[in-house]
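The values are calculated or read from the model by the stated rules, or taken from the named source; none is laboratory data. Since this is a predicted model, take the numbers as computed values, not measurements. A quick note on method: Cβ atoms are made from the backbone with ideal geometry, for glycine too, and the neighbour counts reach across all protein chains shown. Remember, those area values only see protein heavy atoms, side chains included, never the ligands or the DNA or RNA. Shrake-Rupley method; radii C 1.70, N 1.55, O 1.52, S 1.80 Å.
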Amino acid sequence: MHEVSANASAGHGAHHLLGVSTERSIAIVLLAIVVIGWAIYVFINIRQAKAEVGSEIELAPNRGNLPDDEELEGRRLEKVQAFGVLMLLIMALVLPVYWMLEGGRRSGAETSFSEASIARGAALAAEQECTDCHGADLGGARFAPVVLDIGNQVADRDSFIINTTWEGPSLDDVFTRFDTDAETVDEVSEVRQILVYGRGVMPSWGLEGGGPLNDQEIDDLVAWLWSERVSDEEAQARAQARFDAAQASEEYVGASDGKILFDLHCARCHTPRWPGRGPAQLPNNGGTIEVQPGPDGAGRYGPPLNKVSLERLFPDIADHLSFIESGAADNVPFGEFARLGNYGMPGFGRVLSDDQIRQIAEYERSLNPEDQVLPSFEQLHQPEDAE
Ligand code: HEC
Ligand code: HEC
C-alpha cells in the first residue's frame with residue numbers, strides 16, 4: 001500500500017496552529033512597538049519644527065554653537081558608531097538565540113503532545129480489548145469464541161453457523177504492510193480507515209463506521225500503534241523464523257516454498273475459512289466439526305487468485321510482482337484493466353525478499369480455478385466427527 005492519501009487526519013494540525021499563533025502575536029507586538037515608536041518620533045519632530053517657526057534668525061542652525069570638526073569626527077562619531085554596533089550585536093545574538101529556543105520549545109511541545117496521545121491510545125486499547133484478539137504483545141493471537149455464519153463459503157447452504165476460534169493478525173508490524181510510505185504518524189491513512197470501518201470479524205471503531213470512538217480517539221489509537229511498531233529487520237526475522245518452523249513441520253512435507261509463504265502471508269485474506277481453521281461447534285448441540293480451510297486462493301476478503309485470473313490481470317509477471325510488493329492504494333488503478341484499487345491489499349516489499357515474492361507469485365499462477373469451487377455442506381461437515 002504505497003500511496004498516502006492527502007486527507008490525513010485533521011486533528012494532527014492542531015499543535016502546529018498553536019505555534020503559528022504564538023509567533024503571530026509576538027510579531028504583532030513587535031510591529032506595534034515599531035509603529036508606535038515611529039509615531040512618537042515623528043510627532044516630537046513636528047513639534048520641534050513648529051517651535052522653530054518664525055525664530056529662524058536667532059536659531060538658524062549655522063549661527064548656533066556647533067561642535068567643531070575635532071569633536072564631530074572624533075568622540076561623537078565614535079559614540080554613534082558604537083551605538084550602531086551595539087544594535088547590530090543585539091540583532092546578531094538575540095535573534096538566533098530566540099529562534100533556537102523557539103525550535104526547542106516547539107518540538108518539546110510536539111513530543112509531549114504525542115506522548116499524551118500515545119498514552120490515551122494505550123488506555124483506549126486496554127478499554128476496547130484490542131490485545132484480546134491481536135495478542136498481548138501485538139504479535140497476533142487466536143481468540144474465542146466467535147459465532148460466525150460461513151454460509152457464503154458453502155455451495156449448497158445459505159446459512160451455516162459455527163462457534164469457533166478465529167485468528168487476529170499481528171499489529172506491531174502493521175505499518176510494514178499498510179501505509180508503507182508513511183514517514184510520520186501524520187501520514188497514516190490506511191490503518192486509520194481499517195480502524196474506522198472495521199474489517200470482517202473486527203468491528204468498526206470509528207463513529208463514521210458505526211463504532212464508538214471519535215476522530216481524536218482514532219488518532220490516539222493510531223499514535224499508539226505507531227509507537228508500538230517494530231523495525232523492518234525485526235519483522236523480517238520473525239517472518240523468516242515462522243517460515244523455518246513451517247518448513248520443518250509435518251504439515252508442509254514436500255510443499256513448495258511458494259505454498260508455505262502463501263499460507264503464512266496471504267491465506268488469511270485469500271483462502272476461505274483460513275483464520276477459523278480448527279475445531280468448531282455447531283449451534284444447538286449439532287456436534288463438533290473441524291473447520292477446514294477452503295481451496296488455496298479461492299477467495300475470502302480478497303478476490304480468488306489463480307492462473308486464469310492472474311494471467312489475465314497481470315500478463316507480465318513483473319506487474320504481478322510489483323503489485324504484491326507495494327499492495328493496492330485507494331483509487332489507484334492496477335493490472336491490465338486498470339482496475340481501481342482500495343486500501344485492502346497490503347504491500348509485502350518491506351518484509352519479504354524479491355525471491356520470496358516471486359515464489360509466491362509463481363505459486364498463485366499455478367493454482368487451477370477448477371479446484372477453487374466451493375465445497376458442499378456434507379464435504380465440509382464430515383458427519384463422522386459429529387457427536
Ligand atoms: C473481536 C476481535 C478483535 C478486536 C477486539 C480487535 N480486532 Fe483488530 N482485527 C481483528 C481481525 C480478525 C482482523 C483481521 C480482519 C480480517 O480477517 O479480515 C483485524 C484487523 C485489524 C487491523 C488490520 C491488520 C491487518 O494486517 O489486516 C488493525 C490495524 C486492527 N485490527 C487494529 C485493532 C485495534 C486498534 C483494536 C482495538 C481498538 C482492534 N483491532 C480490536 C479482530 C479484532
Ligand atoms: C489483509 C488482507 C490481505 C492479505 C493478507 C493479502 N491480500 Fe491480496 N488482496 C486483498 C484485497 C482486499 C485485494 C483486492 C484489492 C483491490 O481490489 O483493491 C487483494 C488483491 C490481490 C491481488 C490482485 C488480484 C485481483 O483480482 O485483484 C493479488 C495478486 C494478491 N492480492 C496477492 C496477494 C499475495 C501474494 C498476498 C500475500 C503475500 C496477499 N495478496 C495478501 C487482501 C489481502
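Per-structure values
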{"item": "Selection within region 152-182 - among the polar types (S, T, N, Q) and open to solvent by less than 30 Å² (accessible area, probe 1.4 Å)", "result": "Q153, T164, S170, T176, T180"}
{"item": "Single residue of G151, G140, G209, G200 found to be of a type outside the set (A, V, I, L, M, F, W, C), touching a His at 6+ places or on another chain (Cβ under 8 Å) and either near ligand 1 (Cβ under 10 Å from one of its atoms) or free of Cβ contacts under 8 Å to residues at least 24 places away in the same chain (or both)", "result": "G140"}
{"item": "Given (1) out of contact with any helix residue (DSSP H, G or I) (no Cβ under 8 Å at 6 or more places or on another chain); (2) more than 16 Å from ligand 1 (Cβ to nearest atom); (3) among the charged types (D, E, K, R); (4) part of a helix (DSSP H, G or I), number of the condition E127 does not satisfy", "result": "(2)"}
{"item": "Pair list, Cβ < 6 Å and 6+ apart or interchain, from region 311-331 residues that are farther than 17 Å from C266 by Cβ to residues that are hydroxyl-bearing (S, T, Y) and within 16 Å of ligand 1 (Cβ to nearest atom)", "result": "D330/Y343"}
{"item": "Where a residue in region 260-276 is within 15 Å of V291 (Cβ to Cβ) and its partner, wherever it lies, is basic (K, R) and within 11 Å of ligand 1 (Cβ to nearest atom), with Cβ under 8 Å and at least six apart", "result": "R268/R300; T271/R300; P272/R300; R273/R300; W274/R268; W274/R300; P275/R268"}
{"item": "Every pair of residues 6+ apart whose Cβ atoms lie under 7 Å, when the first sits in region 110-123 and is of a type in the set (D, E) while the second is at pLDDT below 95 and open to solvent by 70 Å² or more (accessible area, probe 1.4 Å)", "result": "none"}
{"item": "The listed residue being open to solvent by less than 50 Å² (accessible area, probe 1.4 Å) and within 14 Å of ligand 2 (Cβ to nearest atom), out of D220, D296, D257", "result": "D296"}
{"item": "Selection from region 303-346 of residues that are in a loop (DSSP other than H, G, I, E, B), buried (at least 17 other Cβ atoms within 10 Å of the Cβ) and near ligand 2 (Cβ under 6 Å from one of its atoms)", "result": "L305, A328, G341, G344, M345, P346"}
{"item": "Residue within region 112-119 that is at pLDDT below 90 and open to solvent by 60 Å² or more (accessible area, probe 1.4 Å) present", "result": "yes"}
{"item": "Subset tally (residues that are in contact with a strand residue (DSSP E or B) (Cβ under 8 Å, 6 or more places away or on another chain), open to solvent by less than 40 Å² (accessible area, probe 1.4 Å) and more than 16 Å from ligand 2 (Cβ to nearest atom)) for region 120-140", "result": "2"}
